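Note sheet for the following structure.
The values are calculated or read from the model by the stated rules, or taken from the named source; none is laboratory data. As the structure is a computational prediction, the values presented were derived from the model and not from experiment. No Cβ is skipped: glycine too gets one built from the backbone with ideal geometry, and neighbour counts run over all protein chains shown. We work out accessible area using only protein heavy atoms, side chains counted, and drop any ligands, DNA or RNA first. Shrake-Rupley method; radii C 1.70, N 1.55, O 1.52, S 1.80 Å.
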Amino acid sequence: MLDVKLAFDILAFVSVMVLIVMGLGVIASMMGVFNFAHGEFVMLGAYTVFAMQEAGAPSWAGIIAAPLVLACLGLALERLVIRRWYAAPIIAMLGTFAIGLVIREIVRGLLGGHYKSIEEPVRGSFALGGVEFSWWRTVIIFVTAAVVAACWFFLTRTGTGLRIRGAIENPMLARACGISTARLYGFTFAFGAALAGLAGALIVPLYQLSADIGTRFLVQSFLSVMLGGVGSFTGPVLGASAVGAMAAGLPWVVIPVLADPLVFVIALTIVRFRPQGLLRQGRL
Amino acid sequence: MRSDNGRSGTGPSLGRRRLLAGTGALAAAGWIGGTAGGWVLRPRWAHAAGPIKMGIATDITGPIAPSGNADWQVAQFAVEQINGAGGVGGRPIELFLEDTASDPKTAVGNVRRLIQQRKVDVVLGAITSAMRQAIKDPIVNRGRTLYIYPQLYEGQECTKFLFCTGPTPAQQVDELIPYLIKEKGRKRFAMPSANYVWPQLLNRYARRVIEAHGGEVVFEEYYPLDQPEYSATIGKIRDGRVDCVFSTVIAPGLQPFMKQLYESGFQREGGIVTCVYYDENLLNYHPPQEMDGLYSCLDYFQAVDDPFSRQLQEGYAKRFPGTRYLFTAGSASTGMYRGIKLYEAAVQETGGKLGREDVAAALDHAKIAQGPGGGAEMVPGKMHCRMNMYVAVCKVEAGKPRYDVIRRHDMVDPKEC
């Protein structure tokens, strides 16, 4: 039964990682922009839940509102600034980093630098064979699976998904066919931001809300995207699963202080031998 | 990300190597913070000999800002009280603030300004040990100025002209651990810890006390400060049949640890969690049910029933209505108050002489009869002070957590130097 518990713990953390990485992966794969403000988007999703809770709304309302708020913010940012950086990915990295910094410090001011605890909408745990399983982690596992499936279906099986893929494959030809690539890029960025917002809203009860909640996951998310390979939807998801499983599983076998760098060593070693990432063939 | 088959135009293009180059540039650009000028709080009246200049060097910005701002407010509160009562031997205190910005590199330059430009007579401040180590040399050695460090810490700071007014490991552990072993019947301890100097040295001391009283340390383990996942640790706590978790995990790794520990049913099955830096600020860090039954040991809790402490809290609340920065022990605020009052007592004894040697000689045995949690006295020759220590347990009533003080220990010895 303890093996089941171990598997559950690892699966729960893998789900958290996948949730966080998806938004980053979608934007990086579809638009070629590494969004360094991704951690802050996740944090804003968490902050939305907190703000709604302060205003007296139930926490599930905040979880529904978070992706919508972030989609609007993402769309506005893409229209105003991000679209100017498509031709210069390095500037885009620095620029999004700056945006992230501004967001982070504003929220730090709003929170007074304190940490805030957010309660799970579904509290407590259930026992199975004498081992305790957390309800909220179970919810996260299922929501993650559903979101991954929905995103995959949307990007590979719908008309909009087809147009997005077309616009990425050959923007000129897409434009010639009457597809508005500018609108699609705006939509894709907003979609990635919404995923980040949803991730932040779902995971914040497991952690605590602080201005730096996203920073911790940002580095591991980039590692996941590199490991999984940029260019597809499944690559980053696979990378996130691998990084998450290592981060949760390694402390069982080595001392925790070593486990953290070891995740990076293993991932970078794989990248050394598979520079294209785990998945490359067959873009979306 | 992109296939190489003749994509035209200025579309997105980003290879791994360019990504690495970009991140490198980011790191090199760095982040330079800190304020340019500092703040001055001038007294409302003057004295022929001029004011006593007191420098406060604390973290007004950055991750440690909540504690630093509390320290700064308490310093203003204490100094206004002293000036309002006629100053020290008739002279008012003028306060100078420099932001140490939670960053030792920024701090050194700012602290130098206190010494060289403001020419302060004493510096109080720093919260983390890293910060104390960074600024003590510019203050004490090169700056030839008296320095008072207010935070609870790992001990072993025995620098001349550096006085510590917060609790040491002996003060935090000597009463708490025997209580847990003898009264609560705890035998098997786990020490999950954040990986830095305070937990390491505190654990070394606590382990000796645990073993001296017949307890056993099942494991002692260190984590990166922001570790988000603790299932391996929880597994060890369960497999090792641990009955008391002596935690020194700190935020941001703290909350996921406490949540996973609670979810594992540890507390429900009778396990005790104890963490000696938990003050009133921490009550909001976790959902109430995760805090229920947690033991802490500090020099002051707001629940301490002492008329002077109550009066202090009321005065502070009146001076800073609705403030987010509480007057608590874990943020070094109590040590800050104690430090300022001990300095006042020392200067009173020297008859207004502010020379470093004179004041240090008087501070060496300075006493205050009252303070948050009670009076305090420096142990002669040891540069640390005796103070009352309180063991408290967190109780939850109607969804609201609070501390109940269950034991008071008078004038506990710091056992340092």
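Determine which lysines satisfy two conditions relative to B:Lys415: a Cα distance under 20 Å, and not lying fewer than 8 residues away in the same chain.
Reachable lysines: B:Lys160, B:Lys367, B:Lys382.
Relative to the longest principal axis of chain A, what angle (0 to 90°, nearest 10) does the C-alpha long axis of helix A:59-80 take?
Approximately 30 degrees, to the nearest ten.
Determine the dipole magnitude for segment B:214-361: charges of +1 sit on the beta-carbon of Lys and Arg, -1 on that of Asp and Glu, nothing else is charged, the reference point is the Cα centre, and the result goes in debye to the nearest 20.
Roughly 460 debye for segment B:214-361.
Quick check: at a probe of 1.4 Å, how many percent of the accessible area of the protein assembly as shown sits on carbon and sulfur atoms?
The C+S portion of the solvent-accessible surface of the protein assembly as shown is 59 percent.
If you restrict to DSSP beta bridges whose two residues both lie in chain B, what percentage is antiparallel, to the nearest 5?
Roughly 40 percent of the DSSP beta bridges within chain B come out antiparallel.
Distance from the Cα centre of segment B:155-197 to that of segment A:175-235, in angstrom?
44 Å
Skip the ligands, DNA and RNA, and give the accessible area per residue of segment B:42-195 with a 1.4 Å probe, whole Å².
Value returned for segment B:42-195: 33 Å² of accessible area per residue.
What does the structure give for A:252-261 when I average, per residue, the other chain Cβ atoms found within 10 Å of the residue Cβ?
Per-residue shielding by partner chains comes out at 4.
Using the reciprocal of the averaged 1/r over all distinct C-alpha pairs, how large is the Kirkwood radius of segment B:221-287 in Å?
12.3 Å
Which percentage, to the nearest 5, of the DSSP beta bridges contained in the protein assembly as shown is antiparallel?
In the protein assembly as shown, DSSP labels about 45 percent of beta bridges as antiparallel.
Averaged over every viewing direction, what's the projected area of the C-alpha convex hull for segment A:206-284? Give it in nm², one decimal, please.
Result: 6.0 nm².
Quick one: pull the percentage of alpha-carbon pairs in segment A:57-153 with a separation above 18 Å.
Summing the P(r) tail past 18 Å for segment A:57-153 gives 69 percent.
Let me know the charge dipole size of the protein assembly as shown about its Cα centre in debye, to the nearest 20, where only the beta-carbon of Lys, Arg (+1) and Asp, Glu (-1) is charged.
On the way: 68 positive and 56 negative charges, 452 e Å.
Rounded to the nearest 20 debye, it is 2180 debye.
So how much accessible surface do B and A hide from each other in total, probe 1.4 Å, in square angstrom to the nearest 100?
For chain B against chain A, roughly 5000 Å² becomes buried.
Using only DSSP helix segments of four residues or longer, with each worth -39500 (n - 2.57), what per-residue ellipticity at 222 nm results for chain B after dividing by its residue count and rounding to 500? Write down the numbers at each step before the final one.
Details: 12 runs with 138 residues, N = 417.
After summing the helix terms and dividing by the residues of chain B, the value is -10000 deg cm²/dmol.
Hey, can you grab everything whose amide H is under 5 Å from the amide H of B:Leu146? Only 5+ residues off in sequence or another chain; H modelled, so Pro and N-termini drop out.
Long-range HN contacts for B:Leu146: B:Val123.
When N counts the residues of segment A:1-50, how does its alpha-carbon radius of gyration compare numerically with 2.2 N^0.38 Å, as a ratio?
With N residues counted in segment A:1-50, Rg over 2.2 N^0.38 Å equals 1.49.
Roughly speaking, what % of Cα-Cα pairs in segment B:259-417 are separated by over 19 Å, rounded to a whole number?
Result: 60 percent of Cα pairs exceed 19 Å.
Please list, ordered by chain and number, the residues whose modelled amide H lies under 5 Å from the amide H of A:Ile179; skip anything fewer than 5 residues away on the same chain.
Amide H neighbours of A:Ile179, under 5 Å, 5+ apart: none.
Please list the non-local residues whose amide H lies under 5 Å from the amide H of B:Leu298, H modeled 1.01 Å from N, same-chain partners needing a gap of 5 or more.
B:Tyr390, B:Ala392
Can you tell me the dipole magnitude for segment A:133-284 around its Cα centre, using point charges on the Cβ only (Lys, Arg +1; Asp, Glu -1), in Debye to the nearest 20?
For this selection, approximately 500 debye.
Which values of log₁₀ I(q)/I(0), to two decimal places, follow from the Debye formula for segment A:179-250 at q = 0.15, 0.26 Å⁻¹ with a uniform point scatterer at every Cα?
Each listed q corresponds, in turn, to -0.63, -1.26.
Whole Å is fine, so just give me how far the alpha carbon centre of segment B:63-82 lies from that of segment B:229-262.
Using only Cα atoms, the two centres lie 33 Å from each other.
Using just the Cα positions, wrap the protein assembly as shown in a convex hull and report its mean projected area in square nanometres, one decimal place.
So the Cα hull casts an average projection of 31.5 nm².
P(r) tail for chain B, what percent of Cα pairs lie past 31 Å?
Distances greater than 31 Å cover 42 percent of the Cα pairs.
At a 1.4 Å probe, which residues in segment A:58-90 are at least 20 Å² less accessible with all protein chains present than in their chain isolated?
So the qualifying set is A:Tyr86, A:Ala87, A:Pro89, A:Ile90.
Enter the accessible area of B:Trp45 (Å², nearest 10), with the probe set to 1.4 Å and all protein chains included.
Counting only protein heavy atoms, B:Trp45 exposes about 90 Å² to solvent.
Could you derive backbone 3J(HN,Hα) for segment A:162-172 from the dihedral phi with the Karplus parameters 6.51, -1.76 and 1.60 (θ = phi - 60°), listing whole Hz in sequence and x where the residue is Gly or Pro?
Using θ = phi - 60°, the values come out as 4, 5, 4, 4, x, 5, 7, 4, 8, x, 4 Hz.
Tell me the per residue accessible area of segment B:252-293 using a 1.4 Å probe; a whole number in Å² is fine. Walk me through the numbers before you get to the answer.
Details: 1020 Å² over 42 residues.
Result: 24 Å² per residue.
In segment B:194-225, which residues become less accessible by 40 Å² or more once every protein chain is in place, relative to the chain on its own, using a 1.4 Å probe?
Output list: B:Pro224.
Do any residues of segment B:314-334 show a loss of at least 50 square angstrom of accessible area between the isolated chain and the full protein assembly, using a 1.4 Å probe, and if so which?
B:Arg324
Sticking to Cα atoms, compute the Rg of segment B:135-190 to one decimal and its Dmax as the biggest Cα-Cα distance, whole number, in Å.
16.7, 51
Packing-wise, with mean Cβ within 10 Å as the measure, how do B:162-170, B:142-150 rank, highest first?
B:162-170, B:142-150
Where the centre of each part is set by its Cα atoms, how far does segment B:347-417 sit from segment A:109-158, in angstrom?
46 Å
Hey, any idea what Rg/Rh is for chain A, computing Rh the Kirkwood way over Cα pairs?
0.97
Enumerate the whole-percent occupancy of each 5 Å bin, from 0 to the last occupied one, for all C-alpha pair distances of segment B:279-355.
In whole percents, the pair-distance histogram is 3, 12, 17, 21, 17, 12, 9, 4, 2, 2, 1.
Mind ranking B:70-82, B:318-330, B:99-111 by how tightly packed they are, going by the mean number of other C-beta atoms within 10 angstrom, highest first? List each step's numbers first, then the result.
On the way: B:70-82: 23.0, B:318-330: 18.0, B:99-111: 21.4.
With the highest mean Cβ count within 10 Å placed first, the list reads B:70-82, B:99-111, B:318-330.
What is the angle, in °, between the Cα long axis of helix A:89-111 and the longest principal axis of the Cα atoms in chain A? Nearest 10 is fine, range 0 to 90.
40 degrees
Average the reciprocal distances over every distinct pair of alpha-carbons in segment B:118-227, invert the result, and give the Kirkwood radius in Å.
Its Kirkwood hydrodynamic radius stands at 15.7 Å.
Given the Cα atoms of segment B:32-117, and with Rh set as the inverse mean 1/r over their pairs in the Kirkwood sense, what is Rg to Rh to two decimals?
1.02
Quick check: pseudo-label points 7 Å beyond the Cα along Cα→Cβ at B:Arg310 and B:Arg324, how many nm apart are they?
That separation, rounded to one decimal, is 3.1 nm.
On average, how much accessible surface per residue is there in chain A, in Å², for a 1.4 Å probe, leaving out ligands, DNA and RNA?
Values: 10910 Å² over 284 residues.
For chain A, the solvent-accessible area averages 38 Å² per residue.
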